[in-house]
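Bear in mind these aren't lab numbers, they're just calculated from the coordinates by the rules spelled out. Keep in mind the model is a prediction, meaning the values are calculated, not measured. Here the Cβ positions follow ideal geometry from the backbone for every residue, glycine too, while neighbour counts run over all protein chains shown.
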Amino acid sequence: MWRVGESSTMGPLQEISSQVRLEEVSLEECVKLLRSQFERAWCKQTTYTYIFNPKRPSKGQCYVTALCVQDILGGEVVQGHVDGTNHFWNRILEQEFDLTSDQFGGDGIHRIKRAKMSNKYLCLNRKNKRYLLLKNRIIE
């Protein structure tokens, strides 16, 4: 079993991780719990396109979601492409998770197979307004 916080890089969203830390859960179960929290937090102001679709709330949310997941669970943010579209997901303890993969037909938990990692330099911007808003909505 895995306990939140076992990853080497814990971020500022310790409020959420301490809620999950009360009991041991598998990493996958923890990611599923997070997905439900993100579904409640995603909104028009956190999406890349500022066009929010309640039927597919993860669309345009990959960058800010991957940053928040890294803050909560540690690991790293991976940048790549899906069908020619720039995309971001997480690698935690050598497992890849993509809480926004359903925008490309995935399950909203796992990286879809056609997602290809990019060799491009990844610059994480934690001053991004959409990230800061989503982070605050997650910890509310």
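A few points about this structure:
- Applying the condition of being touching a Gly at 6+ places or on another chain (Cβ under 6 Å) and surrounded by 12 or more Cβ atoms within 10 Å (Cβ to Cβ) to segment 36-55 and asking which residue is nearest to N86 (Cα to Cα) yields Y48.
- One residue from G105, G60 being without any contact (Cβ under 8 Å) to a residue 24 or more places away in the chain and either over 14 Å from the mean Cα position of the chain (by Cα) or closer than 18 Å to R137 by Cβ (or both): G105
- In the condition set (1) assigned to a helix (DSSP H, G or I); (2) touching a Phe, Trp or Tyr at 6+ places or on another chain (Cβ under 7 Å); (3) surrounded by fewer than 22 Cβ atoms within 10 Å (Cβ to Cβ), D102 is compliant with all but (2).
- Verdict on D71 being buried (at least 24 other Cβ atoms within 10 Å of the Cβ), in contact (Cβ under 8 Å) with a residue 12 or more places away in the chain and either closer than 16 Å to A41 by Cβ or touching a Phe, Trp or Tyr at 6+ places or on another chain (Cβ under 8 Å) (or both): no
- Within segment 87-99, the set of residues being in contact (Cβ under 8 Å) with a residue 12 or more places away in the chain and surrounded by fewer than 19 Cβ atoms within 10 Å (Cβ to Cβ) comprises R91, L93, Q95, E96.
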